[in-house]
2 protein chains.
Amino acid sequence: MTQEEMLDVAVGEARKGLSEGGIPIGAALFSADGVLLGSGRNRRVQDDDPSVHGETDAFRAAGRQRDYRSTIMVTTLSPCWYCSGLVRQFNIGAVVIGEAQTFSGGHDWLAEHGVAVTVLEDQRCVEMMTEFIAAHPDVWLEDIGE
Amino acid sequence: MTQEEMLDVAVGEARKGLSEGGIPIGAALFSADGVLLGSGRNRRVQDDDPSVHGETDAFRAAGRQRDYRSTIMVTTLSPCWYCSGLVRQFNIGAVVIGEAQTFSGGHDWLAEHGVAVTVLEDQRCVEMMTEFIAAHPDVWLEDIGE
């Protein structure tokens, strides 16, 4: 499975979130051999739950795992500090990011700490976030604590 | 309300977790004037949910807040990177920690980034974690991704 194919799963989650009226950020956790362990999306708006970011939702959906070093977290947007901290604490080995243009979180910090980081500059992701931020700046700023 | 009184709430959550068979780490989010916004505890074991650390549970329980700068996160144990990232992303202004002897996470990093960090060296917290780690080293290492 290519990184682009893995990103498609996260994009599907982001689109589902958008259709629910939520912030369009999706994520998925894969095993090294491309098995989907769990996927999820930001659900701040849908569930009124500020703790559910795309990455934390995918991590939760994957259930308890004994070792994350060989896993790959795929996310439509550069992970915020909350989600970057998740990756670092659990030693997730690789992060594949749809885009880091509309928001740049902790992915450089993760790379410094040995995580294999790839930014794909996916235009679907850029457009989804650009449109969402323009339409709902208040919700977006709330989601990143600004 | 003193820091010690705020910590008592987090200790109560940790003890509740222990009585449920879980990892004894509790947390609580307070407003600047000492109003409890939300409290919670690690529920990896109880809910089979690796995403529920004490701090993330307290943050969730507090619901959507527009500004965290004046809030205080109180936790029985030094926050791991996941929970430290939460504090940094949402600009939580202060963190009060029961102890950092049995585990040291990202609290120095938070202090470097302007968070007011206090470590109380509370012996109840030290004993709870020391006993839990000795009795269930596997669950503890799983919880910190080691």
Checklist entry - Restricting attention to segment A:66-75, does a residue exist that is more than 8 Å from every other protein chain (Cβ to nearest Cβ) and part of a helix (DSSP H, G or I)? => result no
Checklist entry - Which of the following residues is surrounded by fewer than 19 Cβ atoms within 10 Å (Cβ to Cβ) and not acidic (Asp, Glu): B:Val126, B:Val96, B:Val115, B:Val52? => result B:Val126
Next on the checklist: Quick test for you: out of A:Val11, A:Val74, A:Val87, A:Val52, pick the one residue that is closer than 22 Å to B:Trp81 by Cβ, aliphatic (A, V, I, L, M) and touching a Lys or Arg at 6+ places or on another chain (Cβ under 9 Å).
Outcome noted: A:Val52
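For B:Leu18, indicate whether it is more than 10 Å from chain A (Cβ to nearest Cβ), surrounded by fewer than 22 Cβ atoms within 10 Å (Cβ to Cβ) and of a type in the set (A, V, I, L, M).
Details: more than 10 Å from chain A (Cβ to nearest Cβ): yes; surrounded by fewer than 22 Cβ atoms within 10 Å (Cβ to Cβ): yes; of a type in the set (A, V, I, L, M): yes.
In short, yes.
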Checklist entry - Given the conditions (1) touching a residue at least 60 places away in the same chain (Cβ under 8 Å); (2) over 28 Å from B:Trp109 (Cα atoms), which single one is not true for A:Gly34? => result (1)
Checklist entry - Out of all the residues in segment A:129-142, is one or more surrounded by 13 or more Cβ atoms within 10 Å (Cβ to Cβ) and either within 15 Å of A:Gly85 (Cα to Cα) or in contact with a strand residue (DSSP E or B) (Cβ under 9 Å, 6 or more places away or on another chain) (or both)? => result yes
Next on the checklist: Between A:Gly17, A:Gly63, A:Gly34, A:Gly21, which is assigned to a helix (DSSP H, G or I) and either modelled with pLDDT of 95 or more or of a type in the set (Lys, Arg) (or both)?
Outcome noted: A:Gly17
Item to check | Residue satisfying condition, being hydroxyl-bearing (Ser, Thr, Tyr) and assigned to a loop (DSSP other than H, G, I, E, B), within set A:Ser51, A:Ser39, A:Ser84 | outcome: A:Ser51
Item to check | Residue, nearest to the chain's Cα centre (by Cα), within segment B:25-38, restricted to residues that are within 14 Å of chain A (Cβ to nearest Cβ) and within 12 Å of B:Ala61 (Cα to Cα) | outcome: B:Ala27
Checklist outcome for this item: With criteria (1) touching a residue at least 60 places away in the same chain (Cβ under 8 Å); (2) surrounded by fewer than 23 Cβ atoms within 10 Å (Cβ to Cβ), A:Cys80 comes up short on (2)
Item to check | Positions within segment A:99-112 being within 14 Å of another protein chain (Cβ to nearest Cβ) and surrounded by 18 or more Cβ atoms within 10 Å (Cβ to Cβ), in sequence order | outcome: A:Gly105, A:Gly106, A:His107, A:Trp109, A:Leu110
Checklist entry - Do you know which residues across segment B:16-44 are touching a Pro at 6+ places or on another chain (Cβ under 7 Å) and under 14 Å from B:Thr75 (Cα atoms)? => result B:Gly17
Next on the checklist: Any residue that is more than 11 Å from chain A (Cβ to nearest Cβ) and hydrophobic (A, V, I, L, M, F, W, C) - is there at least one of those in segment B:82-95?
Outcome noted: yes
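The values are calculated or read from the model by the stated rules, or taken from the named source; none is laboratory data. Please read all numbers here as calculations on a predicted model, not as lab measurements. FYI the Cβ positions are ideal-geometry reconstructions off the backbone, even for glycines, and counts take in every protein chain you see.
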